[in-house]
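Scroll down for the structure; my scribbles are underneath it.
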Amino acid sequence: QVQLVESGGGLVQAGGSLRLSCAASGRALSSYVTGWFRQAPRKERDVVAAINWIGHSTYYADSVKGRFTISRDNAKNTVYLQMNSLKPEDTAVYYCAARYGAIATPTTEYAYWGQGTQVTVSS
């Protein structure tokens with residue numbers, strides 16, 4: 001099975017940018033659809049973006065369209081989430097997750113999860 005480790009979170013001012021990385025070990029990440037999810041305090045964990053195994057198909061939540069970009073480098077076994085024009089409402093713990101098959105949005109569809117990385121956007 002695949003193990004996932006997120007990095008790149010931190011504190012940034014509104015309007016700023018961050019790039020999150022999800023590094024895989026154990027198995028090739030190219031075998032999986034990979035998604036980014038986030039969970040703010042007292043809220044459910046929701047999908048932010050997802051990308052298919054080869055990177056030709058992506059999904060974005062409406063709240064991040066035009067600001068976030070998901071990409072993958074299978075040679076580096078890593079998936080990225082470039083976050084631009086950040087807003088205070090983007091503050092959350094961001095998780096990377098992987099699944100076999102097609103892109104999906106429910107958290108229950110993803111079998112493998114990282115430990116999360118905190119993103120805090122100050123106003």
### Task
Have a look at the DSSP beta bridges in the chain and tell me what percent are antiparallel, nearest 5.
90
### Task
Work out how much length Arg67 to Thr120 would gain on full extension: take 0.36 nm times their residue separation and subtract the Cα-Cα distance, in nm to one decimal.
17.5 nm
### Message
Please list 3J(HN,Hα) in residue order for the stretch 30-46, calculated via the Karplus relation 6.51 cos²θ - 1.76 cosθ + 1.60 where θ = phi - 60°; whole Hz, with x for glycine and proline.
### Response
5, 7, 10, 6, 10, x, 10, 10, 9, 9, 8, x, 6, 10, 6, 7, 10
### Query
Mind checking which lysines have their C-alpha under 16 Å from Lys87, skipping anything on the same chain fewer than 8 residues away?
Lys65
### Task
Find the relative contact order for the chain and round it to a whole percent, using C-alpha pairs within less than 8 Å whose residues are 6+ positions apart.
36
### the chain - accessible surface per residue (Å², probe 1.4 Å)
50
### Query
What nm distance separates the two modelled labels at Ala75 and Val2, each placed 7 Å from Cα along Cα→Cβ?
1.9
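The values are calculated or read from the model by the stated rules, or taken from the named source; none is laboratory data. Just so you know, these numbers come straight off a predicted model, no measurement behind them. As a convention, Cβ positions derive from the backbone with ideal geometry for all residues, glycine included, and neighbour counts pool all protein chains shown. These area figures cover heavy atoms from the full protein model, side chains too; ligands, DNA and RNA do not enter into them. Shrake-Rupley method; radii C 1.70, N 1.55, O 1.52, S 1.80 Å.
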